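Structure record follows, encoded as structure tokens.
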Amino acid sequence: MSRIGRMPIAVPAGVTVEIAENNKVTVKGPKGTLERVLPAEMEITMEGAEVLVKRPNDLKRMKSLHGLTRTLINNMVVGVTEGYQKKLEVNGVGYRAAKSGKKLTLNLGYSHPVEMQDPEGIETTVEGQNVILVKGIDKEKVGQFAAEIRDKRRPEPYKGKGIKYADEVIRRKVGKTGKK
């Protein structure tokens, strides 16, 4: 049986979980509200202050959906209580990030500054000139927007210039050597 799927999800105080028909799960907490329609085959139940996910049979598809469904609900509960954040670093001479209102402006060595608008439910902040923090309650949206920012100038292996995640390690390469 799925080790992750079997684990109950503890619902902290101040968080309400509602399960409607077609497995539409709504999680309300101090940071906001998230809702998501989960696979209809899974049986999601509330027992006291815990949410349990059960699968109908042991088909491969059901086994894979079991752990996924439980993790998605858990991510929603963590999101409305603590929220999620991703940290990005801008490395390179003359590369910088600035924030004005809901607009993030990146100078990345192109002939024009790259401007990005904060999506709904996501907040970006700039620390100094080269650290960008992406915060929000939806793990998927936070990760997606952080990936979109990183895509504007991916880190390159020779000098390490570009936008990288704070915990990312860039494999460095040695440049060309000239003729003797």
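The values are calculated or read from the model by the stated rules, or taken from the named source; none is laboratory data. Just so we're clear, the structure is a prediction, and the values are computed from it rather than from any experiment. Please note: Cβ atoms are built from the backbone with ideal geometry, for glycine as well, and neighbour counts cover all protein chains shown. Heavy atoms of the whole protein, side chains included, go into the accessibility calculation; ligands, DNA and RNA do not. Shrake-Rupley method; radii C 1.70, N 1.55, O 1.52, S 1.80 Å.
A compact table of results
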| item | result |
| --- | --- |
| Pairs where the first residue, in the stretch 87-116, is on the phi > 0 side of the Ramachandran plot and the second is outside any loop (DSSP other than H, G, I, E, B) and surrounded by 15 or more Cβ atoms within 10 Å (Cβ to Cβ), C-beta under 7 Å, 6+ apart | GLY92/GLY162; GLY94/ASN107 |
| Evaluation of THR71 against (1) among the polar types (S, T, N, Q); (2) open to solvent by less than 70 Å² (accessible area, probe 1.4 Å); (3) over 30 Å from ILE163 (Cα atoms) (one fails), failing number | (3) |
| Selection count, the stretch 1-32, where residues are part of a loop (DSSP other than H, G, I, E, B), surrounded by 14 or more Cβ atoms within 10 Å (Cβ to Cβ) and among the hydrophobic types (A, V, I, L, M, F, W, C) | 3 |
| Of the criteria (1) touching a residue at least 12 places away in the same chain (Cβ under 8 Å); (2) closer than 27 Å to GLU148 by Cα; (3) open to solvent by 80 Å² or more (accessible area, probe 1.4 Å); (4) not polar (S, T, N, Q), which one GLU35 fails | (1) |
| Unique residue being touching a residue at least 60 places away in the same chain (Cβ under 8 Å), open to solvent by less than 80 Å² (accessible area, probe 1.4 Å) and assigned to a loop (DSSP other than H, G, I, E, B) when the list is PRO119, PRO155 | PRO155 |
| Given (1) farther than 24 Å from GLU82 by Cα; (2) in a loop (DSSP other than H, G, I, E, B); (3) of a type outside the set (Gly, Ala, Ser), number of the condition GLU168 does not satisfy | (1) |
| Conditions (1) free of Cβ contacts under 8 Å to residues at least 24 places away in the same chain; (2) touching a helix residue (DSSP H, G or I) at 6+ places or on another chain (Cβ under 9 Å); (3) under 21 Å from GLU140 (Cα atoms): number failed by GLU43 | (3) |
| Cβ-Cβ under 7 Å pairs, at least 6 apart or on other chains, the stretch 159-180 side farther than 22 Å from LEU106 by Cα and without any contact (Cβ under 8 Å) to a residue 60 or more places away in the chain, far side open to solvent by 100 Å² or more (accessible area, probe 1.4 Å) and not in a strand (DSSP E or B) | LYS173/TYR158; GLY175/TYR158 |
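So that you can scan it fast, the table gives a plain yes or no per residue for (1) under 21 Å from ALA147 (Cα atoms); (2) outside any helix (DSSP H, G or I):
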{"position": "LEU52", "(1), (2)": "no, yes"}
{"position": "HIS66", "(1), (2)": "no, no"}
{"position": "LEU72", "(1), (2)": "yes, no"}
{"position": "LYS87", "(1), (2)": "yes, yes"}
{"position": "VAL93", "(1), (2)": "no, yes"}
